[in-house]
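*Asks:* Take this structure first; my questions come after.
Quick note: the coordinates plus some simple rules give every number you see, no bench work behind them. In this text the structure is predicted, and so the values were computed from the model without any measurement. No Cβ is skipped: glycine too gets one built from the backbone with ideal geometry, and neighbour counts run over all protein chains shown.
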Amino acid sequence: MQTTFNSRDPTREQTQDPETSFRVGQRVHFIGQSRRIGTVKYLGPVDGYSGNWIGVEWDADGEGKHDGSHNGVRYFTARGHNAASFVRPHNLSAGASLLQALEARYRTASTKEEEDEMYVLSARNKRVSIELLGKDKIEDKVSRFEELTSASLSYLGVSFPGASDSITSTLPNLKELDLAGNLLASWEDVGIMCEALPALTALNLSNNSLSHDISVLPQLSNIRVLVLNHTGVTWKQVELISVEVLKDSLPNVEELHLMGNKLTDITTVSSTVVQGFNFLRILNLENNCISAWDEITKLSQLPRLEQLLLNNNKLNRVWYPDCSTLHEPNNGNESLEKSTMPFKSLRSLFLGGNNIEDLEFVDSLNSFPNLMDIRLSDNPVADLGKGGVPRFVFIARLAKIEILNGSEVSPRERKDSEIRYVRLVMSKFHGSPEEFRRLHPRFAELKKIHGVDDERPSIGASGPQKMASGLISISFKCVGPSMGEKPPLVKRLPATTTVGKLKNLCESFFKLKSVKPILFLQEEGSPLPTLLEDDMASLIELGVGNESTILVDELS
């Protein structure tokens with residue numbers, strides 16, 4: 001196999017005999033392709049070929065050509081049909097030390113080939129070389145390792161620390177270290193590096209396949225941010241890091257990121273709730289496989305947890321836990337009620353991309369005492385095409401929310417949304433009082449706050465007065481590509497106007513010929529306009545309020 005070597009690959013030069021420098025279970029990468037990472041599964045001959053080979057199971061699907069068998073002979077078992085390869089030893093690297101990777105990243109001069117690739121095309125399609133202003137100054141600055149406070153060594157084949165004293169003397173001021181996508185497998189090596197970096201506070205170990213044995217982890221009291229995305233770590237390991245192994249091995253960690261680890265549960269060791277992590281403010285559990293909210297309630301006693309990221313899991317329910325069901329010893333001086341208040345510091349809860357369907361679970365978010373930032377996008381409850389509700393309904397039902405789906409809720413948007421919601425409910429619901437209160441728990445409160453009753457016409461009003469009282473002002477804007485430039489148009493229309501009738505009116509207002517209009521409601525704070533697709537629905541049923549903006553597009 002012909003390979004183009006990367007001149008910056010710190011592992012290109014093998015210091016050992018390649019025939020003897022590998023072992024089963026070892027992490028390796030293909031020389032010159034530091035992102036092509038795998039695990040050694042076999043060492044020895046392959047039937048029909050001379051010499052020794054190394055069987056590798058690659059991390060990424062599709063990198064290999066087989067599943068560990070060749071010509072009917074099985075040498076090892078890989079997870080898929082295209083996950084494994086047999087590779088000559090001289091084409092693989094077992095990795096480099098931390099300082100070798102540092103040298104490669106920050107002190108390796110650009111090659112002529114690399115500089116030749118830095119160009120733009122002129123108007124005559126000719127290459128014009130680019131010279132980076134200040135390049136020498138920047139390279140000089142980053143090459144003074146003793147002054148570095150942040151280093152990114154991702155995908156450079158780091159597999160072991162190297163001499164601790166050399167690391168300490170070389171990087172005395174390093175605070176942030178990115179080691180994502182390397183060949184680290186041992187927590188012991190991680191501990192050695194952390195101990196050798198006295199100023200280190202933030203460490204990224206994402207996309208390293210770390211062993212399950214973390215009993216060798218030393219005290220890491222300086223670490224404030226730990227990123228373990230896509231490392232295969234389990235929650236039991238996570239809790240052991242902070243609680244069971246010296247219990248204060250990470251006493252000051254404030255951010256813990258555990259994305260993409262296929263977590264399904266949160267296994268506690270000595271209690272029904274997670275203990276320890278006394279300074280943890282941000283916990284990122286996105287892109288996992290958690291389906292039961294009971295697992296999340298185990299986090300409810302983390303005393304300083306402010307942000308909980310649960311996007312892209314499999315949750316279909318949310319509720320506020322009952323204090324009586326949580327059993328945490330009250331060892332502090334705080335009252336029992338205060339010490340056991342669930343999620344008492346939580347301000348941000350991201351639930352996007354889950355399976356939440358019922359507004360009842362949305363309403364339960366009002367019980368979280370300090371919650372003000374919520375993400376609910378990409379749930380069925382927020383998908384209008386699946387019977388979900390628009391943004392203004394969420395704002396009205398969630399009393400304390402200041403940020404919804406990443407957009408700030410202004411005082412004006414809140415007032416408009418709550419009034420629209422009250423009118424919507426009044427126009428549609430005719431059930432029993434008990435059912436009404438269950439389905440719309442904030443309705444009576446909002447109706448009183450905004451005095452919606454006072455806006456109704458008097459009983460003796462004439463027909464025209466009744467009609468006028470139900471008119472709302474709507475601004476129409478044409479955005480269809482074939483509609484031409486048409487000025488916005490403001491019209492006062494009955495709130496009972498249906499979408500189908502509105503489409504007919506738009507054809508008349510803008511003199512649209514041979515164009516089938518489609519309508520979108522543009523709402524403040526919403527990143528995308530909402531399609532009005534139900535021709536039988538009225539404006540009031542859709543929550544279209546006074547001074548709304550409707551975009552008139554065309555069906556393509």
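*Asks:* Could I get the Rg over Rh figure for region 160-317? Both from C-alpha atoms, Rh via Kirkwood, rounded to two places.
*Replies:* That ratio equals 0.97.
*Asks:* Here's something else I'd like to know. Measuring from centroid to centroid over Cα atoms, what is the spacing of region 263-307 and region 479-517 in Å?
*Replies:* Measuring centre to centre over Cα atoms gives 51 Å.
*Asks:* Taking amide hydrogens as modeled 1.01 Å from N in the peptide plane, which residues meet the under 5 Å criterion relative to Leu315, leaving out close sequence neighbours?
*Replies:* The answer is Asn355.
*Asks:* Quick check: net charge around Asp189, other residues with Cβ under 15 Å of its Cβ, Lys/Arg +1 and Asp/Glu -1? Could the numbers behind the result be given before it?
*Replies:* On the way: positive: Arg27; negative: Glu188, Glu195, Asp213.
Net local charge, Asp189 excluded: -2.
*Asks:* Could you pull out the pairs from Lys344/Lys447; Lys415/Lys448; Lys386/Lys501; Lys428/Lys477; Lys447/Lys491; Lys386/Lys447 whose alpha carbons sit more than 21 Å apart here?
*Replies:* Going by Cα-Cα distance, Lys344/Lys447; Lys386/Lys501; Lys428/Lys477; Lys447/Lys491; Lys386/Lys447 fall outside the 21 Å limit.
*Asks:* Can you give the charge dipole size of region 391-456 about its Cα centre, rounded to the nearest 20 debye, using +1 on the beta carbon of Lys and Arg and -1 on the beta carbon of Asp and Glu?
*Replies:* Result for region 391-456 is approximately 100 debye, rounded to the nearest 20.
*Asks:* A further question on this structure: Under the Kirkwood approximation for Rh and a Cα-based Rg, what ratio Rg/Rh is obtained for region 352-462?
*Replies:* Working: Rg = 15.0 Å, Rh = 15.0 Å.
Radius of gyration over Kirkwood radius for region 352-462 works out to 1.00.
*Asks:* Also, quick follow-up: Can you tally the net charge around Leu203? Count Lys and Arg as +1, Asp and Glu as -1, for every other residue whose Cβ sits under 13 Å from the Cβ of Leu203.
*Replies:* Its environment carries a net charge of -4.
*Asks:* In vacuum, with every alpha carbon of region 243-305 counted as one equal point scatterer, what does the Debye formula give for log10 I(q)/I(0) at q = 0.24 Å⁻¹? Two decimals, please.
*Replies:* Normalising to I(0) and taking log10 leaves -1.20.
*Asks:* So if we plug the beta-carbon distance of Asn252 and Asp61 into 1/(1 + (r/R0)^6) with R0 = 30 Å, what FRET efficiency do we get, rounded to 0.05?
*Replies:* 0.20
*Asks:* Here is a further query. Using the Karplus curve 6.51 cos²θ - 1.76 cosθ + 1.60 with θ = phi - 60°, what ³J(HN,Hα) values do you get for each residue of region 353-368, in whole Hz, with x for Gly and Pro?
*Replies:* Coupling constants for region 353-368: x, 10, 10, 6, 10, 9, 5, 4, 6, 5, 4, 5, 5, 5, 7, 6 Hz.
*Asks:* Sort 42-48, 293-299, 445-451 for me by packing, meaning the mean count of neighbouring Cβ atoms within 10 Å per residue, highest on top.
*Replies:* 293-299, 445-451, 42-48
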